[in-house]
Amino acid sequence: MSVRAVITGTGRNLPPRVVTNADLEKLVNTSDEWIRERSGIVERRWVETGTGSSDLAVEAARQAIDAAGIRKDDIDFIVAATLSPDYYFPGIGVLVQSELGLPNIGALDVRNQCSGFIYALSVADQYIRAGTYKKILVVAAEVQSTNLDFTDQGRDMAVLFGDGGGAVVVEAHDSADGRGILSTHLFCDGRFASELWMEHPSPKYNPTFSMEMITERKTFPRMDGRRVFINAVERMPEAVLAALAHNGLETKDLSLVIPHQANDRISLMVMKKLQLPEERIVRNIQRYGNTTAASIPIALDEVVREGRLKNGDLLALTAFGSGFTWASALIRW
Ligand code: UT7
(Lines give C-alpha, C1' and ligand atoms only; values in the text may rest on other atoms or scores of the structure.)
Protein backbone atom coordinates (compact mmCIF):
# COMPACT_ATOMS: atom_id res chain seq x y z
CA MET A 1 0.00 0.00 0.00
CA SER A 2 1.38 3.42 -0.81
CA VAL A 3 0.72 6.13 1.73
CA ARG A 4 -0.47 9.70 1.30
CA ALA A 5 -0.68 12.50 3.85
CA VAL A 6 -4.27 13.70 4.24
CA ILE A 7 -5.37 16.84 6.12
CA THR A 8 -8.11 15.50 8.39
CA GLY A 9 -8.72 18.47 10.66
CA THR A 10 -8.21 22.24 10.69
CA GLY A 11 -8.43 25.01 13.28
CA ARG A 12 -7.81 28.74 13.71
CA ASN A 13 -7.41 31.19 16.53
CA LEU A 14 -7.67 34.94 16.09
CA PRO A 15 -7.28 37.15 19.17
CA PRO A 16 -10.55 38.97 19.98
CA ARG A 17 -9.08 42.52 19.88
CA VAL A 18 -9.99 44.10 16.53
CA VAL A 19 -7.76 46.97 15.36
CA THR A 20 -9.30 48.96 12.53
CA ASN A 21 -7.53 51.26 10.11
CA ALA A 22 -9.14 54.15 12.00
CA ASP A 23 -7.50 52.87 15.21
CA LEU A 24 -4.14 52.82 13.41
CA GLU A 25 -4.61 56.41 12.21
CA LYS A 26 -4.20 57.40 15.87
CA LEU A 27 -0.85 55.58 16.17
CA VAL A 28 0.70 55.92 12.73
CA ASN A 29 1.00 58.68 10.12
CA THR A 30 -1.38 56.85 7.75
CA SER A 31 -4.98 56.82 6.53
CA ASP A 32 -7.74 54.29 6.13
CA GLU A 33 -7.82 55.19 2.43
CA TRP A 34 -4.08 54.50 1.92
CA ILE A 35 -4.24 51.15 3.72
CA ARG A 36 -7.34 49.95 1.83
CA GLU A 37 -6.06 51.11 -1.55
CA ARG A 38 -2.53 49.71 -1.21
CA SER A 39 -3.28 46.49 0.66
CA GLY A 40 -7.04 45.80 0.85
CA ILE A 41 -6.80 45.55 4.66
CA VAL A 42 -9.72 46.92 6.70
CA GLU A 43 -8.89 45.51 10.13
CA ARG A 44 -6.55 43.08 11.86
CA ARG A 45 -6.37 41.32 15.24
CA TRP A 46 -3.85 42.11 17.96
CA VAL A 47 -3.13 40.10 21.11
CA GLU A 48 -3.17 41.55 24.60
CA THR A 49 0.26 41.61 26.23
CA GLY A 50 1.17 38.23 27.70
CA THR A 51 -0.23 36.16 24.81
CA GLY A 52 2.42 34.45 22.68
CA SER A 53 2.41 32.63 19.37
CA SER A 54 2.36 29.34 21.27
CA ASP A 55 -0.91 30.36 22.98
CA LEU A 56 -2.52 31.17 19.63
CA ALA A 57 -1.24 27.88 18.20
CA VAL A 58 -2.57 25.76 21.09
CA GLU A 59 -6.22 26.77 20.67
CA ALA A 60 -6.02 26.31 16.89
CA ALA A 61 -4.44 22.89 17.48
CA ARG A 62 -7.25 21.84 19.85
CA GLN A 63 -9.81 22.70 17.16
CA ALA A 64 -7.85 20.80 14.48
CA ILE A 65 -7.58 17.71 16.71
CA ASP A 66 -11.34 17.84 17.45
CA ALA A 67 -12.17 18.29 13.77
CA ALA A 68 -9.97 15.29 12.88
CA GLY A 69 -11.93 13.21 15.40
CA ILE A 70 -8.80 11.81 17.03
CA ARG A 71 -7.51 11.81 20.60
CA LYS A 72 -4.71 14.25 21.29
CA ASP A 73 -2.53 11.38 22.48
CA ASP A 74 -2.69 9.92 18.95
CA ILE A 75 -0.52 12.79 17.68
CA ASP A 76 3.00 11.43 17.15
CA PHE A 77 4.89 14.53 15.97
CA ILE A 78 4.58 18.34 15.86
CA VAL A 79 5.85 20.78 13.28
CA ALA A 80 5.53 24.45 14.26
CA ALA A 81 6.11 27.47 12.01
CA THR A 82 6.58 31.03 13.23
CA LEU A 83 8.81 34.07 12.79
CA SER A 84 7.67 35.39 16.16
CA PRO A 85 8.40 32.68 18.75
CA ASP A 86 7.56 33.41 22.40
CA TYR A 87 11.27 33.19 23.20
CA TYR A 88 14.53 33.49 21.29
CA PHE A 89 14.87 29.85 22.33
CA PRO A 90 13.35 27.30 22.77
CA GLY A 91 10.97 27.38 19.81
CA ILE A 92 7.19 27.20 20.13
CA GLY A 93 6.90 23.49 19.18
CA VAL A 94 7.89 22.34 22.68
CA LEU A 95 5.54 24.90 24.30
CA VAL A 96 2.64 23.64 22.20
CA GLN A 97 3.49 20.03 23.13
CA SER A 98 3.58 20.86 26.82
CA GLU A 99 0.46 23.07 26.86
CA LEU A 100 -1.57 20.42 25.00
CA GLY A 101 -0.30 17.81 27.47
CA LEU A 102 1.00 15.53 24.73
CA PRO A 103 3.38 12.65 25.44
CA ASN A 104 7.13 13.11 24.86
CA ILE A 105 6.81 13.25 21.09
CA GLY A 106 9.22 15.29 18.98
CA ALA A 107 8.54 18.88 17.95
CA LEU A 108 10.31 20.60 15.09
CA ASP A 109 10.37 24.38 14.61
CA VAL A 110 10.37 25.80 11.10
CA ARG A 111 11.76 29.31 10.43
CA ASN A 112 10.57 30.15 6.94
CA GLN A 113 8.41 33.19 7.66
CA CYS A 114 5.52 33.67 5.20
CA SER A 115 6.32 30.35 3.52
CA GLY A 116 6.59 28.66 6.92
CA PHE A 117 3.29 26.79 6.82
CA ILE A 118 3.96 25.18 3.43
CA TYR A 119 7.52 24.31 4.48
CA ALA A 120 6.09 22.77 7.68
CA LEU A 121 3.44 20.87 5.72
CA SER A 122 6.14 19.51 3.41
CA VAL A 123 8.04 18.15 6.43
CA ALA A 124 4.87 16.42 7.67
CA ASP A 125 4.23 15.05 4.18
CA GLN A 126 7.72 13.54 3.93
CA TYR A 127 7.56 11.91 7.38
CA ILE A 128 4.21 10.37 6.55
CA ARG A 129 5.27 9.12 3.12
CA ALA A 130 8.39 7.59 4.74
CA GLY A 131 6.21 5.82 7.32
CA THR A 132 7.99 7.54 10.23
CA TYR A 133 4.87 9.13 11.75
CA LYS A 134 1.12 8.60 11.28
CA LYS A 135 -0.61 11.64 12.79
CA ILE A 136 1.24 14.94 12.71
CA LEU A 137 0.10 18.27 14.14
CA VAL A 138 1.21 21.22 12.00
CA VAL A 139 0.77 24.64 13.61
CA ALA A 140 1.61 28.15 12.45
CA ALA A 141 1.14 31.23 14.60
CA GLU A 142 2.37 34.79 14.83
CA VAL A 143 2.38 37.65 17.29
CA GLN A 144 3.66 40.62 15.31
CA SER A 145 1.75 43.53 16.83
CA THR A 146 4.16 43.81 19.77
CA ASN A 147 7.15 44.73 17.60
CA LEU A 148 5.94 47.19 14.97
CA ASP A 149 7.59 50.53 14.30
CA PHE A 150 4.90 53.21 14.34
CA THR A 151 7.23 55.95 13.07
CA ASP A 152 7.26 56.90 9.36
CA GLN A 153 10.24 54.57 8.92
CA GLY A 154 8.12 51.52 9.79
CA ARG A 155 4.61 52.57 8.74
CA ASP A 156 4.65 50.40 5.61
CA MET A 157 4.88 47.26 7.76
CA ALA A 158 2.99 48.51 10.82
CA VAL A 159 -0.29 48.71 8.90
CA LEU A 160 0.06 45.33 7.20
CA PHE A 161 0.74 42.83 9.96
CA GLY A 162 -1.66 41.07 12.29
CA ASP A 163 -1.66 38.29 14.89
CA GLY A 164 -3.24 34.85 14.60
CA GLY A 165 -2.76 31.11 14.55
CA GLY A 166 -3.84 28.14 12.45
CA ALA A 167 -3.38 24.39 12.64
CA VAL A 168 -3.97 21.19 10.72
CA VAL A 169 -3.79 17.50 11.55
CA VAL A 170 -2.10 15.48 8.82
CA GLU A 171 -2.69 11.72 8.81
CA ALA A 172 -1.36 8.72 6.88
CA HIS A 173 -3.97 7.24 4.54
CA ASP A 174 -4.01 4.61 1.84
CA SER A 175 -3.48 6.48 -1.43
CA ALA A 176 -6.03 4.35 -3.32
CA ASP A 177 -8.73 7.06 -3.36
CA GLY A 178 -6.28 9.66 -4.67
CA ARG A 179 -6.78 12.04 -1.73
CA GLY A 180 -3.98 13.82 0.09
CA ILE A 181 -0.95 16.02 -0.49
CA LEU A 182 0.14 15.37 -4.08
CA SER A 183 3.36 17.38 -3.87
CA THR A 184 5.13 20.28 -2.23
CA HIS A 185 7.60 22.57 -3.98
CA LEU A 186 9.98 24.69 -1.91
CA PHE A 187 12.24 27.50 -3.12
CA CYS A 188 14.44 30.28 -1.80
CA ASP A 189 16.86 32.97 -2.91
CA GLY A 190 18.97 34.04 0.06
CA ARG A 191 20.53 36.91 -1.85
CA PHE A 192 17.43 38.85 -0.81
CA ALA A 193 17.65 38.03 2.92
CA SER A 194 18.02 41.68 3.94
CA GLU A 195 15.09 42.88 1.79
CA LEU A 196 12.61 41.63 4.40
CA TRP A 197 14.11 40.97 7.80
CA MET A 198 14.65 41.84 11.41
CA GLU A 199 18.34 42.52 11.72
CA HIS A 200 18.72 42.80 15.50
CA PRO A 201 19.19 41.44 18.13
CA SER A 202 21.92 39.33 16.54
CA PRO A 203 24.41 36.93 18.19
CA LYS A 204 26.74 37.86 15.35
CA TYR A 205 27.53 41.01 17.37
CA ASN A 206 28.85 41.39 20.88
CA PRO A 207 26.70 42.21 22.72
CA THR A 208 23.81 40.54 20.94
CA PHE A 209 21.41 43.19 22.18
CA SER A 210 22.55 46.81 22.70
CA MET A 211 20.99 50.21 23.35
CA GLU A 212 22.43 51.32 20.02
CA MET A 213 20.35 48.71 18.18
CA ILE A 214 17.26 50.08 19.89
CA THR A 215 18.01 53.77 19.34
CA GLU A 216 18.82 53.09 15.67
CA ARG A 217 15.45 51.26 15.49
CA LYS A 218 17.13 48.16 14.07
CA THR A 219 15.13 45.80 16.27
CA PHE A 220 12.03 46.31 14.12
CA PRO A 221 11.19 44.35 10.97
CA ARG A 222 12.09 46.17 7.74
CA MET A 223 11.36 45.53 4.10
CA ASP A 224 11.70 46.90 0.62
CA GLY A 225 7.96 46.60 -0.04
CA ARG A 226 8.14 47.20 -3.76
CA ARG A 227 10.80 44.56 -4.30
CA VAL A 228 8.85 42.06 -2.19
CA PHE A 229 5.70 42.86 -4.15
CA ILE A 230 7.33 42.45 -7.59
CA ASN A 231 8.85 39.10 -6.63
CA ALA A 232 5.72 37.79 -4.89
CA VAL A 233 3.48 38.27 -7.92
CA GLU A 234 5.92 36.30 -10.09
CA ARG A 235 7.00 33.58 -7.70
CA MET A 236 3.64 32.49 -6.29
CA PRO A 237 2.03 31.71 -9.68
CA GLU A 238 5.31 30.09 -10.81
CA ALA A 239 5.26 27.79 -7.78
CA VAL A 240 1.64 26.78 -8.49
CA LEU A 241 2.46 26.10 -12.15
CA ALA A 242 5.47 23.97 -11.10
CA ALA A 243 3.18 21.91 -8.85
CA LEU A 244 0.57 21.45 -11.59
CA ALA A 245 3.18 20.46 -14.20
CA HIS A 246 4.75 17.98 -11.77
CA ASN A 247 1.38 16.26 -11.38
CA GLY A 248 0.30 16.44 -15.03
CA LEU A 249 -2.48 18.90 -14.17
CA GLU A 250 -3.55 22.32 -15.45
CA THR A 251 -4.90 25.53 -13.94
CA LYS A 252 -8.41 24.62 -15.14
CA ASP A 253 -8.25 21.61 -12.79
CA LEU A 254 -7.88 23.85 -9.72
CA SER A 255 -10.94 24.12 -7.48
CA LEU A 256 -9.41 26.62 -5.06
CA VAL A 257 -6.14 28.47 -4.51
CA ILE A 258 -5.13 29.83 -1.11
CA PRO A 259 -2.32 32.33 -1.55
CA HIS A 260 -0.48 33.64 1.49
CA GLN A 261 -2.42 36.77 2.45
CA ALA A 262 0.37 39.32 2.00
CA ASN A 263 -1.54 42.07 0.22
CA ASP A 264 -4.87 41.83 -1.59
CA ARG A 265 -3.33 43.38 -4.71
CA ILE A 266 -0.78 40.54 -4.74
CA SER A 267 -3.55 37.93 -4.44
CA LEU A 268 -5.48 39.54 -7.31
CA MET A 269 -2.38 39.52 -9.51
CA VAL A 270 -1.77 35.84 -8.69
CA MET A 271 -5.39 35.20 -9.72
CA LYS A 272 -4.87 37.03 -13.03
CA LYS A 273 -1.60 35.26 -13.80
CA LEU A 274 -3.22 31.89 -13.20
CA GLN A 275 -6.30 33.03 -15.19
CA LEU A 276 -8.63 32.00 -12.39
CA PRO A 277 -12.12 33.37 -11.73
CA GLU A 278 -12.49 35.36 -8.51
CA GLU A 279 -14.40 32.64 -6.65
CA ARG A 280 -11.43 30.26 -6.92
CA ILE A 281 -8.98 32.44 -5.01
CA VAL A 282 -9.31 32.77 -1.26
CA ARG A 283 -8.97 36.32 0.14
CA ASN A 284 -9.49 37.20 3.78
CA ILE A 285 -6.72 39.77 4.33
CA GLN A 286 -9.47 42.41 4.68
CA ARG A 287 -10.26 41.05 8.16
CA TYR A 288 -6.92 39.81 9.47
CA GLY A 289 -4.10 41.66 7.71
CA ASN A 290 -0.94 39.71 6.96
CA THR A 291 -0.51 36.99 9.59
CA THR A 292 2.66 35.61 7.96
CA ALA A 293 3.01 31.81 8.51
CA ALA A 294 -0.52 31.62 9.95
CA SER A 295 -2.35 33.17 7.01
CA ILE A 296 -2.77 29.97 4.95
CA PRO A 297 -3.99 27.66 7.75
CA ILE A 298 -6.37 30.39 8.98
CA ALA A 299 -7.83 30.77 5.48
CA LEU A 300 -7.93 26.99 5.03
CA ASP A 301 -9.91 26.55 8.23
CA GLU A 302 -12.37 29.21 7.10
CA VAL A 303 -13.03 27.60 3.72
CA VAL A 304 -13.31 24.13 5.27
CA ARG A 305 -15.86 25.32 7.84
CA GLU A 306 -17.77 27.25 5.16
CA GLY A 307 -18.04 23.99 3.16
CA ARG A 308 -16.14 25.43 0.19
CA LEU A 309 -14.00 22.28 -0.21
CA LYS A 310 -15.50 18.93 -1.24
CA ASN A 311 -13.89 15.50 -1.49
CA GLY A 312 -11.96 15.27 -4.75
CA ASP A 313 -11.43 19.05 -5.12
CA LEU A 314 -7.95 20.18 -6.16
CA LEU A 315 -6.50 22.77 -3.76
CA ALA A 316 -3.30 24.74 -4.28
CA LEU A 317 -1.49 26.63 -1.53
CA THR A 318 1.22 29.13 -2.36
CA ALA A 319 3.33 31.58 -0.37
CA PHE A 320 6.11 34.10 -0.72
CA GLY A 321 8.08 36.04 1.87
CA SER A 322 11.20 36.77 3.84
CA GLY A 323 14.30 34.90 2.76
CA PHE A 324 13.19 35.30 0.03
CA THR A 325 11.39 31.97 0.31
CA TRP A 326 8.43 30.76 -1.69
CA ALA A 327 6.54 27.50 -1.99
CA SER A 328 3.48 25.62 -3.17
CA ALA A 329 1.49 22.57 -2.14
CA LEU A 330 -1.03 20.73 -4.28
CA ILE A 331 -3.68 18.78 -2.40
CA ARG A 332 -6.47 16.47 -3.58
CA TRP A 333 -9.08 17.17 -0.91
O1 UT7 B 1 4.20 38.66 3.51
C2 UT7 B 1 5.27 39.13 2.78
C3 UT7 B 1 5.66 40.41 3.41
N4 UT7 B 1 5.34 41.64 2.81
C5 UT7 B 1 4.65 41.86 1.67
O6 UT7 B 1 4.18 41.03 0.97
C7 UT7 B 1 4.50 43.30 1.29
C8 UT7 B 1 4.67 43.53 -0.17
N9 UT7 B 1 4.60 44.93 -0.49
C10 UT7 B 1 3.46 45.65 -0.37
O11 UT7 B 1 2.45 45.13 0.03
C12 UT7 B 1 3.48 47.10 -0.79
O13 UT7 B 1 4.73 47.40 -1.35
C14 UT7 B 1 3.15 48.10 0.35
C15 UT7 B 1 1.68 47.96 0.76
C16 UT7 B 1 4.03 47.86 1.55
C17 UT7 B 1 3.37 49.53 -0.13
O18 UT7 B 1 2.59 49.79 -1.27
P19 UT7 B 1 3.26 50.48 -2.55
O20 UT7 B 1 2.16 50.73 -3.50
O21 UT7 B 1 4.39 49.60 -2.99
O22 UT7 B 1 3.76 51.83 -1.96
P23 UT7 B 1 5.26 52.40 -1.90
O24 UT7 B 1 6.14 51.56 -1.05
O25 UT7 B 1 5.67 52.66 -3.27
O26 UT7 B 1 5.02 53.76 -1.11
C27 UT7 B 1 4.25 54.79 -1.66
C28 UT7 B 1 4.21 55.94 -0.66
C29 UT7 B 1 5.56 56.35 -0.11
O30 UT7 B 1 5.58 57.76 -0.08
P31 UT7 B 1 6.36 58.59 -1.22
O32 UT7 B 1 7.78 58.17 -1.10
O33 UT7 B 1 5.72 58.17 -2.52
O34 UT7 B 1 6.09 59.99 -0.82
C35 UT7 B 1 5.54 55.82 1.32
O36 UT7 B 1 6.31 56.61 2.19
O37 UT7 B 1 3.40 55.60 0.48
C38 UT7 B 1 4.09 55.94 1.68
N39 UT7 B 1 3.67 55.04 2.73
C40 UT7 B 1 2.57 55.24 3.47
N41 UT7 B 1 1.65 56.23 3.44
C42 UT7 B 1 0.63 56.14 4.31
C43 UT7 B 1 4.26 53.88 3.13
N44 UT7 B 1 3.53 53.34 4.13
C45 UT7 B 1 2.49 54.17 4.35
C46 UT7 B 1 1.41 54.13 5.24
N47 UT7 B 1 0.51 55.14 5.17
N48 UT7 B 1 1.21 53.14 6.12
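The values are calculated or read from the model by the stated rules, or taken from the named source; none is laboratory data. Quick caveat, the model's predicted, so the values are computed rather than measured. Cβ sites come from the backbone with ideal geometry, for glycine too, and all protein chains shown count toward neighbours.
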For this session: Provide a single number: the residues in region 192-232 that are surrounded by 14 or more Cβ atoms within 10 Å (Cβ to Cβ), hydroxyl-bearing (Ser, Thr, Tyr) and within 23 Å of the chain's Cα centre (by Cα).
Result: 1
Problem set entry | Positions within region 214-248 being over 19 Å from ALA193 (Cα atoms) and hydrophobic (A, V, I, L, M, F, W, C), in sequence order | ILE214, ALA239, VAL240, LEU241, ALA242, ALA243, LEU244, ALA245
For this session: Could you tell me whether LEU24 is modelled with pLDDT of 95 or more, within 13 Å of the ligand (Cβ to nearest atom) and surrounded by 21 or more Cβ atoms within 10 Å (Cβ to Cβ)?
Result: yes
Exercise. Got at least one residue in region 73-90 being assigned to a helix (DSSP H, G or I), under 30 Å from ASN311 (Cα atoms) and in the same structural domain as ALA120 (by TED's automatic domain parsing)?
Worked result: yes
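Scan region 36-50 for residues that are in a loop (DSSP other than H, G, I, E, B) and more than 11 Å from the ligand (Cβ to nearest atom) and report the count.
5
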For this session: Take PRO297 and decide whether it is in contact (Cβ under 8 Å) with a residue 40 or more places away in the chain, part of a helix (DSSP H, G or I), in contact with a strand residue (DSSP E or B) (Cβ under 7 Å, 6 or more places away or on another chain) and more than 11 Å from the ligand (Cβ to nearest atom).
Result: yes
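Of the residues THR292, THR318, which is within 10 Å of the ligand (Cβ to nearest atom) and either crowded, with 24+ Cβ neighbours inside 10 Å or among the basic types (Lys, Arg) (or both)?
On the way: THR318 fails: within 10 Å of the ligand (Cβ to nearest atom).
Result of the check over THR292, THR318: THR292.
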Seminar exercise, completed: Per the list (1) within 15 Å of the ligand (Cβ to nearest atom); (2) part of a loop (DSSP other than H, G, I, E, B); (3) surrounded by fewer than 20 Cβ atoms within 10 Å (Cβ to Cβ), residue check on GLN286 breaks on (2)
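How many residues does region 109-128 hold that are over 26 Å from ALA232 (Cβ atoms) and either of a type in the set (Phe, Trp, Tyr) or out of contact with any strand residue (DSSP E or B) (no Cβ under 6 Å at 6 or more places or on another chain) (or both)? Can you show your working first?
Going through region 109-128, the residues over 26 Å from ALA232 (Cβ atoms) turn out to be 127-128.
Restricting the remaining residues to those that are either of a type in the set (Phe, Trp, Tyr) or out of contact with any strand residue (DSSP E or B) (no Cβ under 6 Å at 6 or more places or on another chain) (or both) gives 127.
Looking only at that region, the number is 1.
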Problem set entry | Residue under evaluation ILE41, criteria (1) under 21 Å from the mean Cα position of the chain (by Cα); (2) surrounded by fewer than 18 Cβ atoms within 10 Å (Cβ to Cβ); (3) closer than 20 Å to ALA262 by Cα, criterion not met | (2)
Problem set entry | Listing of strands (runs of 3 or more DSSP E) fully contained in region 112-204 that carry 1 or more residues being within 13 Å of the ligand (Cβ to nearest atom) | 135-142
For this session: Return the total of residues in region 18-36 being closer than 26 Å to SER267 by Cα and either out of contact with any helix residue (DSSP H, G or I) (no Cβ under 9 Å at 6 or more places or on another chain) or of a type in the set (Ser, Thr, Tyr) (or both).
Result: 4
